[in-house]
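Input: a single structure, listed below in C-alpha coordinates.
The values are calculated or read from the model by the stated rules, or taken from the named source; none is laboratory data. Just so it is clear, the structure is predicted and the values come from calculations on it, not from any experiment. Positions of Cβ are backbone-derived with ideal geometry, glycine not excepted, and every protein chain shown enters the neighbour counts.
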Amino acid sequence: MTIGIGGGIGLGLPGLNIKIGGGIGLGNKRPGGCKSHDPSKKWSVCPNDRVVEIYARFAVDEYNRKHGRNLVFQSVLEAWVYVYPCGKKEYSIELVVREGCGNHVLKYHAVVTETGCAARRKTLVSFDQIDD
(Lines give C-alpha, C1' and ligand atoms only; values in the text may rest on other atoms or scores of the structure.)
Protein backbone atom coordinates (compact mmCIF):
# COMPACT_ATOMS: atom_id res chain seq x y z
CA MET A 1 0.00 0.00 0.00
CA THR A 2 1.26 3.50 -0.86
CA ILE A 3 -0.23 6.90 -0.12
CA GLY A 4 0.52 10.00 -2.18
CA ILE A 5 0.69 13.37 -0.42
CA GLY A 6 1.17 16.90 -1.77
CA GLY A 7 1.72 17.77 -5.41
CA GLY A 8 2.59 14.27 -6.51
CA ILE A 9 0.72 11.14 -7.36
CA GLY A 10 1.22 7.95 -5.44
CA LEU A 11 0.23 4.55 -6.74
CA GLY A 12 0.56 1.38 -4.74
CA LEU A 13 0.01 -2.14 -5.89
CA PRO A 14 1.40 -5.33 -4.34
CA GLY A 15 5.06 -5.52 -5.35
CA LEU A 16 4.95 -2.09 -7.01
CA ASN A 17 5.74 1.31 -5.51
CA ILE A 18 5.59 4.25 -7.94
CA LYS A 19 5.87 7.98 -7.18
CA ILE A 20 5.32 10.69 -9.79
CA GLY A 21 5.86 14.41 -9.27
CA GLY A 22 6.90 16.24 -6.14
CA GLY A 23 4.73 14.38 -3.68
CA ILE A 24 5.68 12.05 -0.88
CA GLY A 25 5.07 8.33 -1.23
CA LEU A 26 4.58 6.33 1.92
CA GLY A 27 4.57 2.57 2.03
CA ASN A 28 6.64 -0.57 1.95
CA LYS A 29 9.71 -0.28 -0.20
CA ARG A 30 9.65 -4.03 -0.62
CA PRO A 31 7.10 -6.52 0.63
CA GLY A 32 8.18 -9.06 3.19
CA GLY A 33 10.30 -7.32 5.74
CA CYS A 34 13.29 -5.25 6.71
CA LYS A 35 14.70 -2.93 4.09
CA SER A 36 18.13 -4.51 4.10
CA HIS A 37 17.84 -8.28 4.47
CA ASP A 38 18.44 -10.82 1.71
CA PRO A 39 15.25 -10.94 -0.40
CA SER A 40 16.14 -14.34 -1.87
CA LYS A 41 15.24 -16.11 1.40
CA LYS A 42 11.75 -16.81 2.72
CA TRP A 43 11.61 -14.64 5.85
CA SER A 44 8.97 -14.85 8.58
CA VAL A 45 7.96 -11.94 10.75
CA CYS A 46 9.06 -12.17 14.39
CA PRO A 47 6.82 -10.89 17.13
CA ASN A 48 8.50 -8.04 18.98
CA ASP A 49 9.16 -10.17 22.04
CA ARG A 50 11.91 -10.72 24.59
CA VAL A 51 13.88 -13.09 22.31
CA VAL A 52 14.15 -10.48 19.55
CA GLU A 53 15.16 -7.84 22.09
CA ILE A 54 17.93 -10.15 23.38
CA TYR A 55 19.32 -10.49 19.84
CA ALA A 56 19.04 -6.75 19.22
CA ARG A 57 20.88 -5.94 22.45
CA PHE A 58 23.51 -8.54 21.57
CA ALA A 59 24.02 -6.84 18.17
CA VAL A 60 24.50 -3.41 19.77
CA ASP A 61 26.88 -4.78 22.44
CA GLU A 62 28.97 -6.67 19.85
CA TYR A 63 29.18 -3.62 17.59
CA ASN A 64 30.25 -1.42 20.52
CA ARG A 65 32.89 -3.96 21.56
CA LYS A 66 34.34 -4.34 18.05
CA HIS A 67 34.29 -0.65 17.11
CA GLY A 68 34.82 1.16 20.43
CA ARG A 69 31.45 2.89 20.23
CA ASN A 70 28.93 3.72 22.95
CA LEU A 71 25.56 3.04 21.31
CA VAL A 72 22.69 2.40 23.72
CA PHE A 73 19.85 0.09 22.65
CA GLN A 74 16.41 1.75 22.66
CA SER A 75 13.89 -0.40 20.78
CA VAL A 76 13.18 -2.85 17.95
CA LEU A 77 11.33 -1.44 14.93
CA GLU A 78 10.80 -4.75 13.16
CA ALA A 79 12.35 -8.18 13.03
CA TRP A 80 12.31 -11.12 10.64
CA VAL A 81 13.77 -14.60 10.86
CA TYR A 82 14.92 -17.14 8.30
CA VAL A 83 15.22 -20.73 9.55
CA TYR A 84 17.65 -22.93 7.62
CA PRO A 85 16.84 -26.64 7.15
CA CYS A 86 19.63 -27.49 9.64
CA GLY A 87 17.93 -25.42 12.35
CA LYS A 88 20.26 -22.41 12.17
CA LYS A 89 18.36 -19.12 12.45
CA GLU A 90 19.21 -15.79 10.86
CA TYR A 91 17.56 -12.70 12.35
CA SER A 92 17.14 -9.46 10.37
CA ILE A 93 16.43 -6.69 12.88
CA GLU A 94 15.82 -2.98 12.44
CA LEU A 95 16.47 -1.21 15.71
CA VAL A 96 16.87 2.20 17.30
CA VAL A 97 19.87 3.25 19.38
CA ARG A 98 20.91 6.39 21.23
CA GLU A 99 24.46 7.52 20.60
CA GLY A 100 26.54 7.93 23.76
CA CYS A 101 25.20 10.14 26.51
CA GLY A 102 23.51 12.52 24.05
CA ASN A 103 20.06 12.38 22.59
CA HIS A 104 21.14 11.60 19.02
CA VAL A 105 18.84 8.76 17.89
CA LEU A 106 19.94 6.49 15.03
CA LYS A 107 18.43 3.52 13.18
CA TYR A 108 20.44 0.40 12.40
CA HIS A 109 19.88 -2.87 10.59
CA ALA A 110 21.50 -5.89 12.26
CA VAL A 111 21.84 -9.45 11.08
CA VAL A 112 22.46 -12.01 13.82
CA THR A 113 22.75 -15.77 13.35
CA GLU A 114 22.10 -18.46 15.92
CA THR A 115 23.47 -21.97 15.54
CA GLY A 116 20.93 -24.78 15.47
CA CYS A 117 22.77 -26.87 18.05
CA ALA A 118 22.15 -27.00 21.79
CA ALA A 119 24.85 -24.36 22.49
CA ARG A 120 22.81 -21.67 20.67
CA ARG A 121 25.85 -19.54 19.79
CA LYS A 122 25.05 -16.04 18.46
CA THR A 123 27.14 -14.26 15.81
CA LEU A 124 26.83 -10.68 14.59
CA VAL A 125 26.97 -10.84 10.79
CA SER A 126 26.34 -7.16 10.02
CA PHE A 127 25.37 -3.91 11.71
CA ASP A 128 24.68 -1.02 9.34
CA GLN A 129 23.19 2.41 9.88
CA ILE A 130 19.94 3.07 8.03
CA ASP A 131 19.64 6.41 6.29
CA ASP A 132 15.95 7.29 6.04
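Quick notes on this structure:
- Residue, surrounded by the fewest Cβ atoms within 10 Å (Cβ to Cβ), within region 72-84, restricted to residues that are part of a strand (DSSP E or B) and among the hydroxyl-bearing types (S, T, Y): S75
- Of all residues in region 58-74, none are under 12 Å from the mean Cα position of the chain (by Cα) and not aliphatic (A, V, I, L, M).
- Restricted to region 109-129, and to residues there that are surrounded by 13 or more Cβ atoms within 10 Å (Cβ to Cβ) and in contact with a Phe, Trp or Tyr (Cβ under 6 Å, 6 or more places away or on another chain), the residue that is farthest from C46 (Cα to Cα) is F127.
- Count - residues of region 38-71 that are in a helix (DSSP H, G or I) and more than 17 Å from H109 (Cβ to Cβ): 4
- Test: residue in region 80-91 that is small (G, A, S), touching a residue at least 12 places away in the same chain (Cβ under 8 Å) and within 23 Å of D131 (Cβ to Cβ): no
- Of all residues in region 76-97, none satisfies the criterion of being modelled with pLDDT of 95 or more and of a type in the set (S, T, N, Q).
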